[in-house]
1. Go through 239-246, 167-174 and give me the packing order, highest mean Cβ count within 10 Å leading.
2. Using the alpha-carbon centroid of each, what span in Å lies between region 133-173 and region 21-69?
3. Would you mind counting up the charge near Gln160? Only other residues with Cβ under 14 Å from its Cβ, with Lys and Arg at +1 and Asp and Glu at -1.
4. Using a simple charge model, +1 on the beta-carbon of Lys and Arg, -1 on the beta-carbon of Asp and Glu, nothing else, what dipole does region 39-87 show about its Cα centre, in debye to the nearest 20?
5. How far apart, in nanometres, would the label points at Asp106 and Asp212 be if each is projected 7 angstrom from Cα along the Cα-to-Cβ direction?
6. If you take the charge dipole of the chain about its Cα centre, with +1 on Lys and Arg Cβ and -1 on Asp and Glu Cβ, which of Ala209, Phe173, Trp147 is farthest toward its positive end?
7. Let me check I've understood the local charge: for Lys81, count other residues with C-beta under 14 angstrom from its C-beta, Lys and Arg +1, Asp and Glu -1. What total comes out?
8. So who's got an amide H within less than 5 Å of the one on Phe244, skipping anything under 5 residues away but keeping other chains? H placed 1.01 Å off N, in plane.
Amino acid sequence: MCSTSAPRFLMCPPDYFQIEYEINPWMNKNVQNDRTNSVLQWQNLRKILEELGCKIELVTPIKGLPDLVFTANAALVYENKAFISRFRHAARQGEEPVFAEWFKQDGWEVITLPGEMSFEGAGDALFCGNTLFAGYIFRSEVNALHWVAEQIERRVIPLQLTSEQFYHLDTCFCPLNDESAIYYPPAFDSYAQSALQAHIPHLIEVEPAEADRFACNAVVVDQHVILNTGCPILESQLKDLGYFTHATPLDEFLKSGGSAKCLTLRLNPSPAHN
Ligand code: ARG
(Lines give C-alpha, C1' and ligand atoms only; values in the text may rest on other atoms or scores of the structure.)
Protein backbone atom coordinates (compact mmCIF):
# COMPACT_ATOMS: atom_id res chain seq x y z
CA MET A 1 0.00 0.00 0.00
CA CYS A 2 2.93 2.35 0.63
CA SER A 3 4.23 4.38 -2.25
CA THR A 4 7.08 6.89 -2.24
CA SER A 5 4.54 9.63 -1.58
CA ALA A 6 2.99 7.78 1.37
CA PRO A 7 2.84 9.84 4.55
CA ARG A 8 5.97 8.96 6.50
CA PHE A 9 6.08 9.15 10.30
CA LEU A 10 8.75 8.67 12.92
CA MET A 11 7.72 6.73 16.03
CA CYS A 12 9.52 5.04 18.93
CA PRO A 13 8.18 1.89 20.62
CA PRO A 14 7.33 2.39 24.33
CA ASP A 15 9.59 -0.40 25.65
CA TYR A 16 11.01 1.87 28.36
CA PHE A 17 8.15 4.34 28.63
CA GLN A 18 7.21 5.19 32.21
CA ILE A 19 6.81 8.18 34.52
CA GLU A 20 10.38 8.58 35.78
CA TYR A 21 10.23 12.31 36.51
CA GLU A 22 7.68 15.13 36.61
CA ILE A 23 8.16 17.94 34.10
CA ASN A 24 4.53 18.81 33.37
CA PRO A 25 1.36 18.79 35.50
CA TRP A 26 0.15 15.50 33.99
CA MET A 27 3.13 13.55 35.26
CA ASN A 28 3.00 12.04 38.73
CA LYS A 29 5.54 9.39 39.66
CA ASN A 30 2.90 7.82 41.91
CA VAL A 31 0.60 7.28 38.94
CA GLN A 32 2.56 4.97 36.70
CA ASN A 33 1.48 3.77 33.31
CA ASP A 34 0.59 0.13 32.80
CA ARG A 35 3.40 -1.34 30.70
CA THR A 36 1.33 -3.89 28.77
CA ASN A 37 -1.42 -1.41 28.06
CA SER A 38 1.08 1.22 26.91
CA VAL A 39 2.47 -1.21 24.34
CA LEU A 40 -1.03 -2.16 23.15
CA GLN A 41 -2.15 1.46 22.83
CA TRP A 42 1.00 2.41 20.93
CA GLN A 43 0.66 -0.60 18.62
CA ASN A 44 -2.97 0.30 17.88
CA LEU A 45 -1.97 3.83 16.96
CA ARG A 46 0.73 2.47 14.66
CA LYS A 47 -1.74 0.01 13.12
CA ILE A 48 -4.28 2.76 12.35
CA LEU A 49 -1.59 4.80 10.62
CA GLU A 50 -0.36 1.80 8.65
CA GLU A 51 -3.90 0.91 7.60
CA LEU A 52 -4.23 4.45 6.26
CA GLY A 53 -1.17 3.74 4.08
CA CYS A 54 1.43 5.51 6.20
CA LYS A 55 5.03 4.35 6.39
CA ILE A 56 6.32 4.18 9.97
CA GLU A 57 10.02 4.65 10.71
CA LEU A 58 11.33 3.69 14.13
CA VAL A 59 13.82 5.11 16.59
CA THR A 60 15.26 2.33 18.78
CA PRO A 61 14.02 2.77 22.36
CA ILE A 62 16.64 3.35 25.06
CA LYS A 63 16.38 2.52 28.74
CA GLY A 64 16.49 5.68 30.86
CA LEU A 65 14.94 7.84 28.11
CA PRO A 66 11.24 7.19 28.77
CA ASP A 67 9.98 10.18 26.76
CA LEU A 68 11.79 9.12 23.58
CA VAL A 69 8.34 7.78 22.56
CA PHE A 70 7.27 11.39 22.00
CA THR A 71 8.95 11.75 18.64
CA ALA A 72 7.05 14.97 17.86
CA ASN A 73 9.75 16.50 20.03
CA ALA A 74 12.65 15.07 18.03
CA ALA A 75 13.00 18.01 15.67
CA LEU A 76 11.23 20.38 13.33
CA VAL A 77 11.65 18.99 9.85
CA TYR A 78 11.54 21.08 6.72
CA GLU A 79 12.52 19.81 3.26
CA ASN A 80 15.78 17.91 3.94
CA LYS A 81 16.60 19.80 7.15
CA ALA A 82 16.05 18.54 10.68
CA PHE A 83 16.29 21.23 13.35
CA ILE A 84 17.05 19.07 16.36
CA SER A 85 15.31 19.92 19.63
CA ARG A 86 17.16 21.35 22.58
CA PHE A 87 15.05 20.30 25.52
CA ARG A 88 14.18 22.70 28.31
CA HIS A 89 14.47 20.02 30.99
CA ALA A 90 17.68 18.11 31.67
CA ALA A 91 15.63 14.92 32.01
CA ARG A 92 14.98 14.90 28.26
CA GLN A 93 18.30 16.26 26.99
CA GLY A 94 19.72 12.75 26.58
CA GLU A 95 17.26 12.30 23.70
CA GLU A 96 18.95 14.98 21.58
CA PRO A 97 21.94 12.91 20.31
CA VAL A 98 19.68 9.91 19.75
CA PHE A 99 17.34 11.82 17.49
CA ALA A 100 20.26 13.63 15.80
CA GLU A 101 21.85 10.27 14.97
CA TRP A 102 18.60 8.90 13.58
CA PHE A 103 18.26 11.88 11.22
CA LYS A 104 21.90 11.67 10.21
CA GLN A 105 21.56 7.97 9.38
CA ASP A 106 18.40 8.72 7.41
CA GLY A 107 20.26 11.27 5.28
CA TRP A 108 18.94 14.56 6.66
CA GLU A 109 20.88 17.79 7.09
CA VAL A 110 21.02 17.89 10.87
CA ILE A 111 20.93 21.40 12.32
CA THR A 112 21.57 22.36 15.94
CA LEU A 113 20.32 25.72 17.18
CA PRO A 114 23.02 28.22 18.20
CA GLY A 115 23.63 29.19 21.81
CA GLU A 116 21.49 27.65 24.47
CA MET A 117 18.01 28.48 23.23
CA SER A 118 15.50 25.80 24.07
CA PHE A 119 13.31 24.48 21.29
CA GLU A 120 11.11 21.38 21.32
CA GLY A 121 10.61 20.71 17.63
CA ALA A 122 7.21 19.86 16.18
CA GLY A 123 5.78 19.92 19.70
CA ASP A 124 5.92 23.71 19.49
CA ALA A 125 6.17 24.53 15.78
CA LEU A 126 3.45 23.59 13.33
CA PHE A 127 2.86 24.68 9.77
CA CYS A 128 -0.57 25.83 8.67
CA GLY A 129 -0.32 26.84 5.03
CA ASN A 130 2.90 28.79 4.47
CA THR A 131 3.12 29.98 8.02
CA LEU A 132 4.90 28.47 10.97
CA PHE A 133 2.77 28.74 14.10
CA ALA A 134 5.00 28.50 17.10
CA GLY A 135 4.23 28.17 20.81
CA TYR A 136 6.55 29.55 23.44
CA ILE A 137 7.06 30.11 27.14
CA PHE A 138 7.04 26.65 28.73
CA ARG A 139 9.39 24.64 26.48
CA SER A 140 10.57 26.69 23.50
CA GLU A 141 12.01 30.19 23.56
CA VAL A 142 10.61 32.81 21.24
CA ASN A 143 14.12 33.60 19.92
CA ALA A 144 14.57 29.99 18.91
CA LEU A 145 11.30 30.06 16.96
CA HIS A 146 12.37 33.22 15.11
CA TRP A 147 15.79 31.73 14.36
CA VAL A 148 14.33 28.55 12.88
CA ALA A 149 11.78 30.49 10.80
CA GLU A 150 14.57 32.69 9.44
CA GLN A 151 16.59 29.64 8.36
CA ILE A 152 13.67 28.23 6.38
CA GLU A 153 12.51 31.66 5.19
CA ARG A 154 9.01 31.22 6.48
CA ARG A 155 6.79 33.65 8.30
CA VAL A 156 6.45 32.75 11.97
CA ILE A 157 3.53 33.63 14.23
CA PRO A 158 4.72 33.24 17.84
CA LEU A 159 1.91 32.26 20.17
CA GLN A 160 2.25 32.68 23.91
CA LEU A 161 0.91 29.71 25.82
CA THR A 162 -0.70 30.39 29.17
CA SER A 163 -1.60 27.10 30.78
CA GLU A 164 0.96 24.66 32.18
CA GLN A 165 -1.36 21.81 31.26
CA PHE A 166 -1.05 22.77 27.60
CA TYR A 167 2.66 23.33 27.64
CA HIS A 168 3.39 22.45 24.01
CA LEU A 169 1.60 24.03 21.05
CA ASP A 170 0.51 20.61 19.79
CA THR A 171 -1.50 20.05 22.97
CA CYS A 172 -3.84 22.96 22.12
CA PHE A 173 -3.57 23.52 18.35
CA CYS A 174 -3.82 21.20 15.37
CA PRO A 175 -3.82 22.34 11.72
CA LEU A 176 -6.22 20.34 9.54
CA ASN A 177 -5.29 21.87 6.20
CA ASP A 178 -3.88 25.18 4.99
CA GLU A 179 -6.88 27.16 6.16
CA SER A 180 -8.40 25.30 9.07
CA ALA A 181 -7.32 24.12 12.48
CA ILE A 182 -8.55 22.82 15.80
CA TYR A 183 -7.64 24.85 18.91
CA TYR A 184 -8.34 25.37 22.57
CA PRO A 185 -8.54 29.15 23.11
CA PRO A 186 -7.94 29.24 26.92
CA ALA A 187 -4.46 27.80 26.37
CA PHE A 188 -3.37 31.01 24.58
CA ASP A 189 -2.99 34.59 25.70
CA SER A 190 -5.43 37.04 24.16
CA TYR A 191 -2.94 38.30 21.59
CA ALA A 192 -2.24 34.75 20.44
CA GLN A 193 -5.98 34.03 20.21
CA SER A 194 -6.43 37.10 17.99
CA ALA A 195 -3.44 36.12 15.86
CA LEU A 196 -4.89 32.66 15.27
CA GLN A 197 -8.30 34.12 14.43
CA ALA A 198 -6.74 36.64 12.05
CA HIS A 199 -4.61 34.13 10.15
CA ILE A 200 -6.66 30.95 10.00
CA PRO A 201 -10.06 31.29 8.30
CA HIS A 202 -11.70 28.22 9.87
CA LEU A 203 -11.01 27.47 13.51
CA ILE A 204 -12.75 24.72 15.45
CA GLU A 205 -12.89 25.36 19.19
CA VAL A 206 -12.48 22.41 21.49
CA GLU A 207 -14.51 22.10 24.72
CA PRO A 208 -12.59 22.11 28.04
CA ALA A 209 -13.44 18.47 28.85
CA GLU A 210 -12.17 17.35 25.46
CA ALA A 211 -9.11 19.58 25.60
CA ASP A 212 -8.29 17.69 28.80
CA ARG A 213 -8.49 14.46 26.77
CA PHE A 214 -5.90 16.05 24.46
CA ALA A 215 -8.41 16.40 21.62
CA CYS A 216 -6.07 18.87 19.93
CA ASN A 217 -3.22 16.37 20.00
CA ALA A 218 -4.49 14.65 16.87
CA VAL A 219 -2.68 13.22 13.88
CA VAL A 220 -4.06 14.37 10.54
CA VAL A 221 -3.56 12.19 7.47
CA ASP A 222 -5.41 13.78 4.55
CA GLN A 223 -9.11 13.54 5.50
CA HIS A 224 -8.43 11.25 8.46
CA VAL A 225 -7.98 12.44 12.04
CA ILE A 226 -6.59 10.06 14.65
CA LEU A 227 -7.15 11.08 18.26
CA ASN A 228 -7.63 9.89 21.82
CA THR A 229 -11.01 8.48 22.89
CA GLY A 230 -13.38 10.69 24.87
CA CYS A 231 -13.68 13.53 22.36
CA PRO A 232 -17.15 12.91 20.83
CA ILE A 233 -18.01 16.58 20.28
CA LEU A 234 -14.88 17.24 18.25
CA GLU A 235 -15.38 13.98 16.37
CA SER A 236 -18.88 14.95 15.32
CA GLN A 237 -17.73 18.44 14.27
CA LEU A 238 -15.00 16.87 12.16
CA LYS A 239 -17.40 14.37 10.60
CA ASP A 240 -19.73 17.23 9.65
CA LEU A 241 -16.80 18.77 7.79
CA GLY A 242 -16.18 15.54 5.88
CA TYR A 243 -13.35 14.11 7.98
CA PHE A 244 -13.08 10.48 9.06
CA THR A 245 -12.18 10.17 12.72
CA HIS A 246 -10.31 7.31 14.37
CA ALA A 247 -10.52 7.38 18.15
CA THR A 248 -8.05 5.10 19.89
CA PRO A 249 -7.34 4.89 23.65
CA LEU A 250 -4.12 6.64 24.61
CA ASP A 251 -4.70 7.13 28.35
CA GLU A 252 -1.37 5.58 29.29
CA PHE A 253 0.42 8.36 27.42
CA LEU A 254 -1.85 11.04 28.84
CA LYS A 255 -0.23 10.20 32.19
CA SER A 256 2.94 11.68 30.72
CA GLY A 257 1.18 14.63 29.08
CA GLY A 258 1.06 13.21 25.58
CA SER A 259 -1.33 11.66 23.09
CA ALA A 260 -1.52 10.70 19.39
CA LYS A 261 0.30 13.63 17.80
CA CYS A 262 3.12 13.64 20.39
CA LEU A 263 3.81 10.00 19.57
CA THR A 264 4.47 10.76 15.91
CA LEU A 265 6.56 13.06 13.77
CA ARG A 266 5.50 13.63 10.20
CA LEU A 267 8.61 13.39 8.03
CA ASN A 268 7.25 14.44 4.65
CA PRO A 269 5.02 17.42 3.98
CA SER A 270 1.32 17.13 4.71
CA PRO A 271 -1.34 19.19 2.91
CA ALA A 272 -1.43 21.55 5.90
CA HIS A 273 2.20 22.40 5.22
CA ASN A 274 3.02 23.94 1.85
N1 ARG B 1 6.43 13.82 29.14
C2 ARG B 1 6.72 14.54 27.95
C3 ARG B 1 7.22 15.93 28.29
O4 ARG B 1 6.73 16.51 29.22
C5 ARG B 1 5.52 14.60 27.04
C6 ARG B 1 5.83 15.22 25.70
C7 ARG B 1 4.63 15.39 24.85
N8 ARG B 1 5.00 15.86 23.57
C9 ARG B 1 4.35 16.75 22.83
N10 ARG B 1 4.77 16.97 21.61
N11 ARG B 1 3.39 17.48 23.30
O12 ARG B 1 8.10 16.47 27.68
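The values are calculated or read from the model by the stated rules, or taken from the named source; none is laboratory data. Predicted model only: the values in this text are computed from it and were never measured. FYI the Cβ positions are ideal-geometry reconstructions off the backbone, even for glycines, and counts take in every protein chain you see. Just the protein is used for accessible areas: all its heavy atoms, side chains included, with ligands, DNA and RNA removed. Shrake-Rupley method; radii C 1.70, N 1.55, O 1.52, S 1.80 Å.
1. Descending packing order for the listed peptides: 167-174, 239-246.
2. 24 Å
3. For residues surrounding Gln160, the net value is -3.
4. It works out to roughly 140 debye.
5. 3.5 nm
6. Trp147
7. Numbers: positive: Lys104, Arg154; negative: Glu79, Asp106, Glu109, Glu150, Glu153.
Once positives and negatives cancel, what remains is -3.
8. His224, Val225
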